[in-house]
Amino acid sequence: MGHEGCGAVKLLWKGKKEEGDLAFLWAHLKEEPEVKSLLAKTPVQVDDIAQANVRHVANQLKNTTGTLSEKVKQGTVTVASTAYYLHDGNVTFFKH
């Protein structure tokens, strides 16, 4: 689940490097293929980057080895891509 107002996403969108608490997330986020392809386009919206990140993480959870991915393949667990909007409390589900 991503969330509206994510600091790492906002900094990446603004083209600023994160040196503080979000540095780890920022470094991984900027290397995600889905995010890189978005950043190559102009203009890109901050929500587009957040959604690309959510989809990337969901795909990683579904496709890496381990218990979770096995349960997904068996159909006993579903991984959903979602975003939480702080301003109104709504949750949006995205298609993969």
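The values are calculated or read from the model by the stated rules, or taken from the named source; none is laboratory data. On a predicted model such as this, the values are computed, not experimentally measured, just so you know. We place every Cβ from the backbone using ideal geometry, glycine too, and count neighbours over all the protein chains shown.
Those residues that are touching a residue at least 24 places away in the same chain (Cβ under 8 Å) and either farther than 17 Å from Trp13 by Cβ or surrounded by fewer than 11 Cβ atoms within 10 Å (Cβ to Cβ) (or both), I need them from the stretch 63-84; list them, please.
Ser81, Thr82, Tyr84
Pairs please, first residue from the stretch 20-32 and more than 16 Å from Gln60 (Cα to Cα), second anywhere and small (Gly, Ala, Ser), Cβ atoms under 7 Å, 6+ apart in sequence or on different chains.
Listed pairs, sorted by first residue: Leu22/Gly7; Leu22/Ala8; Trp26/Ala8.
Confirm whether Val54 is touching a strand residue (DSSP E or B) at 6+ places or on another chain (Cβ under 6 Å) and hydrophobic (A, V, I, L, M, F, W, C).
Values: touching a strand residue (DSSP E or B) at 6+ places or on another chain (Cβ under 6 Å): yes; hydrophobic (A, V, I, L, M, F, W, C): yes.
Considered against the rule, which asks whether it is touching a strand residue (DSSP E or B) at 6+ places or on another chain (Cβ under 6 Å) and hydrophobic (A, V, I, L, M, F, W, C), Val54 comes out as yes.
Could you please let me know if Glu34 is loosely packed, with under 15 Cβ neighbours inside 10 Å and either at pLDDT below 90 or not in a loop (DSSP other than H, G, I, E, B) (or both)?
Values: loosely packed, with under 15 Cβ neighbours inside 10 Å: no; either at pLDDT below 90 or not in a loop (DSSP other than H, G, I, E, B) (or both): yes.
So Glu34 does not fit the description; no.
Please enumerate the residues belonging to the stretch 62-96 that are over 20 Å from Gly2 (Cβ atoms) and in a loop (DSSP other than H, G, I, E, B).
If we filter the stretch 62-96 for residues that are over 20 Å from Gly2 (Cβ atoms), which is where we start, we get 65-67, 69-71, 73-76.
Across the stretch 62-96, the qualifying residues are Thr65, Gly66, Gly75, Thr76.
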